[in-house]
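A short worksheet on the structure shown next.
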There are 2 protein chains.
Amino acid sequence: MRVYDLILKKRNGFAFNKAEIEFLIEGYVKGDIPDYQISALLMAIYFCGMNEEETLNLTRAMINSGDTIDLKAIPGIKVDKHSTGGVGDTTTIVLAPLVAAAGAPVAKLSGRGLGHTGGTLDKLESIPGFKTEMAVAELVEAVKKIGVAVAGQTGNLVPADKLLYALRDVTATVDSMPLIAGSIMSKKLASGADALVLDVKAGDGAFLKDRAAAFNLSKMMVSIGNGAGCKTVALVTNMDQPLGFAVGNALEVKEAIQTLRGEGPPDLKELCLFLGGWMLALAGKCAHPDQGMDLLEKTISGGAALEKFKELVRSQHGNDAVTEDLSLLPQSGKQVAVAAPAAGYVKKLEAEAIGLAAMMLGAGRETKDSTIDPAVGIVITKKIGDSVQAGENLAVIHAGATAPADQLDAVRNMIINAYSFQDDPVEKEKLVLGQVE
Amino acid sequence: MRVYDLILKKRNGFAFNKAEIEFLIEGYVKGDIPDYQISALLMAIYFCGMNEEETLNLTRAMINSGDTIDLKAIPGIKVDKHSTGGVGDTTTIVLAPLVAAAGAPVAKLSGRGLGHTGGTLDKLESIPGFKTEMAVAELVEAVKKIGVAVAGQTGNLVPADKLLYALRDVTATVDSMPLIAGSIMSKKLASGADALVLDVKAGDGAFLKDRAAAFNLSKMMVSIGNGAGCKTVALVTNMDQPLGFAVGNALEVKEAIQTLRGEGPPDLKELCLFLGGWMLALAGKCAHPDQGMDLLEKTISGGAALEKFKELVRSQHGNDAVTEDLSLLPQSGKQVAVAAPAAGYVKKLEAEAIGLAAMMLGAGRETKDSTIDPAVGIVITKKIGDSVQAGENLAVIHAGATAPADQLDAVRNMIINAYSFQDDPVEKEKLVLGQVE
């Protein structure tokens, strides 16, 4: 087998068989195949795509390039959840204890990553004392004991993805659907769950702006998951405006705690119930996700969800008093209200602009070496469909105590520009746009 | 300017401006841009193409990456000729002295290259004593003195092409029209001619099998040449069967000498008159190529063409007695006739198969390090449209004295399989399929 012939084959629109994909991935990870051949191949894949079978074989070959996590020691069906990423997405921090409280074990591996805010790990670490570094054995023990753990990735999972992603990142081949699907699914499947619920975000604040593309990616990932023996469901959800009100690390933890108390933003709660209902259904805890949603409602209203979150915080060495006293979370040094320039109904609230404004405040990482300020961010007051009077608060900026005035002005302008208004009432769009089973 | 953004731009179907192309070519030649980014870009160009202006700017940037040859010291309009390569293509050896004898100076730089036979240099070197290594000053002096020289490339011409070609060769991005056009034209334009006649071959024995593709490439190259101020014309010519009768180095020189004597194969002569007529027209030696063709006919019949060839051979230290005594050329050790398996009219004679058979005998280079046997090759007896009796000679194999029987059998079978016959007479196709000015 020659790499040249395989590049030619893909360039001419043909599909790879299993052995060809294994040859390419193994050869690249070993260093036998140079970057310049793989980057040409990636561009050919960008243009010619990969069919279902190829994408599954790619994912399998990527998984086989490194370690995998074995969760068999945890009794029951382990359901994982993954979001393709949006602005203000705090669902994992709500879902992990919520679903665990409803009886399904959750062994969640999360990341940090670049973005408008930190990843789930960064958010959780804004809780004083909270530790996310755990060996696999510790993770398994924690889940066996209290039903839930949220940890950073450990071991050499999917080295092929690290190599391929680094190359895609510098060769304009990141946004290829089969490569995205293979990258996400290889990492999830290597993490050892038995079932998986995917939250595929579509809209202005997601990397997929287009809904058809989000459904397309969902189908690919569901096909890979099921093909690899991991029962997978995807919900395509709206990311045209930030999820919930808070965008920032400690601010989002606060919102997650409020949601577990039954006092959170309606959209964040709605999405958590949808995703969690499916998680319970896949875990065999109910016959249908609707029943799972009812069960989760009761888990919140009865206090079990918040109680499980406290257990999780204690289990990972955090101060669980934050759940009673939110002021124990890092507090921003300066709060500045952003007033509406005119009256009307909120027609648009561009999620990406709000995310960038939060990053400018220090809530997210622009590069791998950026430091995150856990306290800063933005709390939205008015969302799409809300009516606003001129001068009324649209949002509150949470900035560092020493934030310069020109930075605050820039952030205020970004927030105001993210809003569009109209005189007539606005019909709200659905949050869950569809599902792929 | 960032390479990433330029890859993305091309991938998304946009055109580069001059500064962007210069940035890419200069950066790559300097080693500032890594192979893996350029190979992804090349694949994006394969899929998205380049427009006329981009291709001209690419060619110019490639020329500017190295030395160029200055032929200004030679009086008159210097016309060059280039063939995209076929089987049995001996035109340069006929054309250079023929056109020079008709009054237009020819300073021809030729190559060796890989292929079914050697390049023009290898063929000429089968003449005892003939030297093709010349410095630019020697080349200029020779042309000033006798009107013609044929030499190997000298100096650091178009290093960008060497680098890009090596990368294209291992990333399945060779057959991209704008990249082919840029590669050919940058080398021709760097060689200093004032005008250029291109012989773009289409058919089974050419790298472009498809005629529409050959016209497309011709248009690109003519547009580049004229855009760069070098008056350029392309003839698209038929390469469905070998040109002339001989395929092999000394065998083709013999055929070239016969053509200069007025005794060569009709198709080789026809093509030389067409190409040469255009060369004379572009050199200002006649108003129209048809007049140039008449002039060339007279140059052959009056003996001036052969005389100029003798001068060329003497000028480059060869034994010019070969023109009178063809047996002074290297002679093959063994000749084997190939008999027709049945009677009929020759319908097809696959040029590529004949070329591969000649290469198997040792007439061409399979790899850079292969040695060429100047004496071996194949002389075709029957071409498309000819009638054949069963047992009559189709071709004669010229092999080395020690060629093993199984090799000769294999070559014989390849030749027989290259032929197709039919009962009814065959209408011959035109040799010159069209021209692009």
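The values are calculated or read from the model by the stated rules, or taken from the named source; none is laboratory data. Predicted model, so just to flag it, every value in this text is computed and none were measured. Glycine also receives a Cβ, built like all others from the backbone with ideal geometry; neighbour counts cover every protein chain displayed. All accessible areas refer to the heavy atoms of the entire protein, side chains included, with ligands and DNA or RNA removed. Shrake-Rupley method; radii C 1.70, N 1.55, O 1.52, S 1.80 Å.
A few comments on the model shown:
- Residue-span extension gain [residue B:401 to residue B:347] - 0.36 nm each, minus C-alpha spacing: 16.2 nm
- Protein heavy-atom accessible surface, 1.4 Å probe, per residue over the protein assembly as shown: 39 Å².
- Close amide-amide hydrogen proximity is noted between residue A:395 and A:338, A:381, each under 5 Å apart and 5 or more residues distant or on a separate chain (H modeled in the peptide plane; Pro and chain starts excluded).
- Heavy atoms of chains B and A lose about 1800 Å² of accessible surface on contact, summed over both sides with a 1.4 Å probe.
- Among residues other than residue A:28 with Cβ under 13 Å from its Cβ, the summed charge is -3 (Lys and Arg +1, Asp and Glu -1).
- Computed over chain B, Kirkwood Rh from alpha-carbon pairs, angstrom: 22.5
- Spread of Cα-to-Cα distances over 10 Å intervals beginning at zero, given as percent, for the protein assembly as shown: 2, 11, 17, 17, 13, 10, 9, 10, 8, 3, 0, 0
- Per-residue accessible area (protein heavy atoms, 1.4 Å probe) orders B:50, A:360 as A:360, B:50, starting from the largest.
- Euclidean distance of C-alpha centroids, the stretch A:25-92 and the stretch B:237-275, integer Å: 58
- With K and R counted +1 and D and E -1, the other residues having a Cβ less than 14 Å from that of residue B:163 yield a net charge of -1.
- Here residue A:165 sits with roughly 100 square angstrom of accessible surface, probe radius 1.4 Å.
- When only the Cβ of Lys, Arg, Asp and Glu is charged (+1, +1, -1, -1), the dipole of chain A relative to its Cα centre reaches about 660 debye.
- Long-range HN-HN contacts of residue B:106 with modeled amide H, under 5 Å: B:148, B:149
- Mean separation of Cα contacts under 8 Å (6+ apart) over length of chain B, as relative contact order %: 19
- Contact residues in the stretch A:38-62 (at least 20 Å² less accessible area with all protein chains than alone, 1.4 Å probe): A:39, A:40, A:43, A:46, A:47.
- Across the identical copies, how the residue A:368 labels are spaced - nm, sorted shortest first, 7 Å along Cα→Cβ: 3.5
- Sites residue B:326 and residue B:64 - FRET efficiency at Förster radius 35 Å, r taken between beta-carbons, to 0.05: 0.20
- Using a probe of 1.4 Å, the accessible surface attributed to residue A:327 totals some 70 Å² when neighbouring protein chains are kept in position.
- Computed from the C-beta positions of residue A:413 and residue A:156, the FRET efficiency with R₀ = 45 Å rounds to 0.50.
- Karplus-derived HN-Hα couplings along the stretch A:225-242 (A = 6.51, B = -1.76, C = 1.60, θ = phi - 60°), whole Hz, x at Gly and Pro: x, 5, x, 8, x, 10, 4, 10, 10, 10, 9, 8, 10, 6, 10, 7, 9, x
- Cross-link partners for residue B:18 among the lysines, with Cα-Cα distance under 29 Å and sequence neighbours closer than 8 places in the same chain left out: B:9, B:10, B:30, B:72, B:78, B:81, B:162, B:187, B:188, B:219, B:231.
- In Hz, Karplus ³J(HN,Hα) per residue of the stretch A:115-126 (6.51, -1.76, 1.60; θ = phi - 60°; x = Gly, Pro): x, 5, 10, x, x, 4, 4, 4, 4, 4, 6, 6
- Comparing mean-square fluctuations of B:369, B:424, B:267 from a GNM of chain B with C-alpha springs under 10 Å, the top value falls on B:369.
- Cα pair distances of the stretch A:330-422 binned at 5 Å [whole percent]: 3, 15, 26, 23, 17, 10, 5, 2, 0
- Lysine pairs within the stretch A:335-437, Cα separation less than 12 Å, 8 or more sequence positions apart or different chains: 7
- Within the assembled protein chains, the solvent-accessible surface assigned to residue B:352 is about 70 Å², based on a 1.4 Å probe.
- For residue B:339 and residue B:30, the difference between the fully extended length at 0.36 nm per residue and the C-alpha to C-alpha distance is 105.5 nm.
- Under a 5 Å amide H cut-off, with hydrogens placed 1.01 Å from N, residue B:203 pairs with B:208, B:209, B:210, B:239 among residues at least 5 apart or on other chains.
- Each other copy holds its own label point for residue B:432; taking that point as 7 Å from Cα along Cα to Cβ, the gaps run 7.4 nm, nearest first.
- Ligands, DNA and RNA left out, the accessible area of the protein assembly as shown computed with a 1.4 Å probe is 50% carbon and sulfur.
- The residues neighbouring residue A:5, those whose beta-carbon lies less than 11 Å from its own, together hold a net charge of +3 under the Lys/Arg +1, Asp/Glu -1 convention.
- Counting only residues at least eight positions apart within a chain, or on another chain, the lysines with an alpha carbon under 20 Å from that of residue B:298 are B:269, B:285, B:308, B:310.
- Temperature 20 °C, viscosity 1.002 mPa s: under these conditions the Stokes-Einstein estimate for the stretch B:11-91, based on its Kirkwood radius over C-alpha pairs, is 139 µm² per second.
- Kirkwood Rh (inverse of mean 1/r, distinct Cα pairs), the stretch B:277-363, angstrom: 17.4
- ³J(HN,Hα) computed for each position of the stretch B:268-285 - Karplus, 6.51 cos²θ - 1.76 cosθ + 1.60, integer Hz, glycine/proline x: 5, 4, 4, 5, 5, 5, 4, 5, x, x, 5, 4, 5, 4, 5, 7, x, 8
- Inter-chain Cβ neighbour average for residues A:388-399, partner chain, 10 Å: 0
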